[in-house]
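The values are calculated or read from the model by the stated rules, or taken from the named source; none is laboratory data. It should be emphasised that the depicted structure is a prediction, and the values quoted were computed from it without experimental measurement. Heads up, the Cβs are rebuilt from the backbone with ideal geometry, glycines too, and the neighbour counts pull from every protein chain shown. Heavy atoms of the whole protein, side chains included, go into the accessibility calculation; ligands, DNA and RNA do not. Shrake-Rupley method; radii C 1.70, N 1.55, O 1.52, S 1.80 Å.
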Amino acid sequence: MTWYNKYRPLSFDDVVGQELVKQVLQNSLQTSKIKHSYLLMGPKGTGKTTMARIFANSLNCVSENPQASLDIIEMDAASNTGIDDIRFLTEVAQVPPISGKYKIYIIDEVHMLSKNAMSALLKILEEPPKYLIFLLATTNPEKLLPTVMSRLTKLNLSSHTIEGL
């Protein structure tokens, strides 16, 4: 097992730093005011994907219902950059969740999508089914289309402090 996966935090309590982002996500869970799409942005190594995974697991109560993890799909946009990848995603997204409350897509390095793929993603971001949530992570938010950015709840992760490390 790789070092970063072996020591990856599994709960919000395990995450060091990022207090504001943790508070926003935890408040969303406590008040049940869940947005359909979030953008976690910040420098490399700040915990964007980790926070997305923790939030997704919390949304679907994976600790009580391990099968709900089947409804959490992670996609690396650096490897799946084309419009066909996003078209497939939007087709599969029309199928309701299997055992969780939500069907959640975590798209890492979303800025790597081609312009056409990003436009295709925009279509489902504009009118998603009620059960669908997108958690997008990027180090370069300026590369996203402005129309895509306007549909997202933006959460900015900051660099770690020396004390935190």
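See the values below:
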quantity: Residues within segment 1-12 that are at pLDDT 85 or above and open to solvent by 70 Å² or more (accessible area, probe 1.4 Å), tallied; calculated: 1
quantity: Segment 30-54 - residue that is β-branched (Val, Ile, Thr) and closer than 23 Å to LYS101 by Cα and, of those, surrounded by the fewest Cβ atoms within 10 Å (Cβ to Cβ); calculated: THR31
quantity: Unmet requirement for GLU74, which otherwise passes all of (1) open to solvent by 80 Å² or more (accessible area, probe 1.4 Å); (2) out of contact with any strand residue (DSSP E or B) (no Cβ under 9 Å at 6 or more places or on another chain); calculated: (2)
quantity: Scan of segment 13-29 for residues that are in contact (Cβ under 8 Å) with a residue 40 or more places away in the chain, open to solvent by less than 50 Å² (accessible area, probe 1.4 Å) and part of a loop (DSSP other than H, G, I, E, B), ordered by number; calculated: GLY17, GLN18
quantity: Residue match in segment 90-106 (condition: of a type in the set (Lys, Arg) and either modelled with pLDDT under 90 or under 23 Å from LYS33 (Cα atoms) (or both)); calculated: yes
quantity: Test: residue in segment 70-79 that is part of a helix (DSSP H, G or I), at pLDDT 90 or above and of a type outside the set (Val, Ile, Thr); calculated: yes
